[in-house]
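Colleague: Please read through the structure below; I'll follow up with questions.
The values are calculated or read from the model by the stated rules, or taken from the named source; none is laboratory data. Only a predicted model underlies this, so the values are computations on that prediction, with no experimental measurement involved. No Cβ is skipped: glycine too gets one built from the backbone with ideal geometry, and neighbour counts run over all protein chains shown.
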Amino acid sequence: MKWKKNDRIVFIGDSITEEGRFEDPNNIGDGYVKLIHDFLLVHHPSLQLEIINQGIGGNRVTDLADRWEKDVLDYNPDWVCISIGINDVWRQLDSPDMEQIYPDRFEKVYDYILGQVKEKTNASIILMEPTIIEETIQSEGNRRLEPYVEATQRLAKLYDAILIPTNKVFHAYLEVESNIPLTTDGVHMNSKGDMLMASTWIKTISF
């Protein structure tokens with residue numbers, strides 16, 4: 001997978017990806033996508049990459065499927081970067097009465113949208129592991145998140161995608177038991193969490 005001048009990258013996901021993009025006139029936001037955007041701008045200016053942020057708060061994988069054609073395929077991207085799975089688990093904890101997206105369905109729907117990328121575009125795929133739910137490794141949210149991380153890993157192999165090990169690096173950070181938090185509420189990133197996501201992406205991607 002090689003990057004070319006004027007490549008278009010679509011980032012899509014939930015509120016962790018959205019992070020202020022609707023208030024930003026450039027529609028990039030102020031989260032990890034912004035940090036990646038600025039890194040590419042100053043370190044690889046000759047590539048003149050176009051970054052499009054399509055994150056929407058509250059999204060689960062089924063929401064991505066509902067808007068996949070309009071928000072991804074219609075852009076004819078060269079790269080598609082997906083970060084999803086947190087709300088698929090979090091809704092099980094904070095909204096147990098709603099219809100849930102359990103691991104089997106998560107993987108099936110995820111597989112479908114990735115198949116659409118392969119069928120209808122020439123884009124390369126980047127999959128980001130779901131991060132964390134609460135800053136305690138043994139939390140109920142993190143326990144339930146494990147099969148969603150594993151599904152993401154399997155799909156990355158199936159589609160020859162670049163896998164960004166964001167769950168792995170967040171867990172490694174938590175194991176250090178630092179007193180510096182990465183989130184504002186156990187899920188949404190603060191500036192340090194965004195930096196960890198962005199730096200992991202940058203270290204994994206090769207130019």
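Colleague: Please tell me if SER46 is modelled with pLDDT of 95 or more and within 23 Å of THR152 (Cβ to Cβ).
Modeller: No: the conditions fail for SER46.
Results for (1) closer than 21 Å to TRP201 by Cα; (2) not hydrophobic (A, V, I, L, M, F, W, C), shown as yes or no for each residue.
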| site | (1), (2) |
| --- | --- |
| LYS5 | yes, yes |
| SER15 | yes, yes |
| ILE52 | yes, no |
| GLU107 | no, yes |
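Colleague: Restricting attention to segment 44-68, which residues are in contact (Cβ under 8 Å) with a residue 40 or more places away in the chain, exposed (fewer than 13 other Cβ atoms within 10 Å of the Cβ) and more than 15 Å from the chain's Cα centre (by Cα)?
Modeller: SER46, GLN48, listed by residue number.
Here is a yes/no grid of residues against (1) modelled with pLDDT of 95 or more; (2) assigned to a helix (DSSP H, G or I):
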| site | (1), (2) |
| --- | --- |
| ASP97 | yes, no |
| ILE132 | yes, no |
| ALA151 | yes, yes |
| ALA156 | yes, yes |
| SER178 | no, no |
| PRO181 | yes, no |
| GLY186 | yes, no |
| ASP194 | yes, yes |
| PHE207 | no, no |
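Colleague: Could you list, in sequence order, the residues of segment 12-32 that are part of a helix (DSSP H, G or I) and free of Cβ contacts under 8 Å to residues at least 24 places away in the same chain?
Modeller: Keep residues of segment 12-32 that are part of a helix (DSSP H, G or I), which gives 15-18, 21-23, 32.
Listed by number, the residues that qualify are PHE22, GLU23.
Colleague: Please give the number of the condition SER95 fails out of (1) within 18 Å of the chain's Cα centre (by Cα); (2) surrounded by fewer than 21 Cβ atoms within 10 Å (Cβ to Cβ); (3) hydroxyl-bearing (Ser, Thr, Tyr).
Modeller: (1)
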